[in-house]
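The values are calculated or read from the model by the stated rules, or taken from the named source; none is laboratory data. Since this is a predicted model, take the numbers as computed values, not measurements. All Cβ positions, glycine included, derive from the backbone under ideal geometry; neighbour counts span all protein chains shown. Side chains included, ligands, DNA and RNA excluded: accessible areas come from the protein's heavy atoms. Shrake-Rupley method; radii C 1.70, N 1.55, O 1.52, S 1.80 Å.
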Amino acid sequence: QVQLVESGGGLVQPGGSLRLSCIASRSIFSIYAMGWYRQAPGKQRELVARITIGGSTNYADSVKGRFGISRDNVKNTMYLQMNSLKPEDTAVYYCNTFPLNINYWGQGTQVTVSS
């Protein structure tokens with residue numbers, strides 16, 4: 001069955017850091033590139049970063065130089081290291097395949113950047 005479980009969010013001050021984790025079922029993780037997405041209140045969900053099975057990465061311009069995506073193909077886990085956080089990074093963060101190949105979303109993890 002499909003499993004996408006995000007964790008690691010929280011409340012952080014501007015300039016702070018967080019590390020998000022995503023545990024996915026092996027049936028997904030072993031064959032798909034993966035991505036981190038986010039949805040801020042009143043806005044559409046957007047792709048933040050993506051990573052291939054081989055580790056090639058790509059970032060949205062808004063997070064380039066501040067966020068780092070990585071994956072552990074043995075643990076079926078993906079990470080998002082977020083540094084120099086800004087209030088505009090506030091959103092619910094989700095992981096999923098890239099491109100979107102499955103009709104399922106996890107519960108997401110809330111990231112709030114505020115002083």
#### Entry: Antiparallel bridges, percent of DSSP beta bridges restricted to the chain (to nearest 5)
90
### Query
For the chain, modelled as a GNM with alpha-carbon contacts under 10 angstrom, which of L18, L47, L100 fluctuates the most?
L100
### Task
For every other residue with a beta carbon closer than 9 angstrom to the beta carbon of M34, add +1 if it is Lys or Arg and -1 if Asp or Glu, then tell me the sum.
+2
### Query
For the chain, what % of the accessible area comes from carbon and sulfur atoms, probe 1.4 Å?
48
### Query
Looking only at Cα atoms, what is the convex hull volume of the range 40-91 per residue, in Å³?
88
### Task
Rank by packing, highest mean first: peptides 106-115, 8-17, 87-96, with packing defined as the count of other Cβ atoms within 10 Å averaged across residues.
87-96, 106-115, 8-17
### Message
Starting from 0.36 nm per residue, how many nanometres of slack lie between S27 and Q3 once their C-alpha separation is accounted for?
### Response
7.7 nm
### Pairwise label distance in nanometres, R19 with S114, each label 7 Å out on the Cα-Cβ vector
2.6
### Query
Counting alpha carbon pairs within less than 8 Å and at least 6 residues apart, what relative contact order, in whole percent, applies to the range 14-69?
23
#### Entry: Stretchable slack from N83 to S56, in nm (0.36 nm times residue separation minus alpha-carbon distance)
7.7 nm
### Overall dimensions of the chain as given by Cα atoms, namely Rg and Dmax in Å
13.1, 40
### Message
Suppose only helical runs count, i.e. DSSP H with n ≥ 4. What mean residue ellipticity at 222 nm does that imply for the chain under -39500 (n - 2.57) per run, divided by all residues and rounded to the nearest 500 deg cm²/dmol?
### Response
-500 deg cm²/dmol
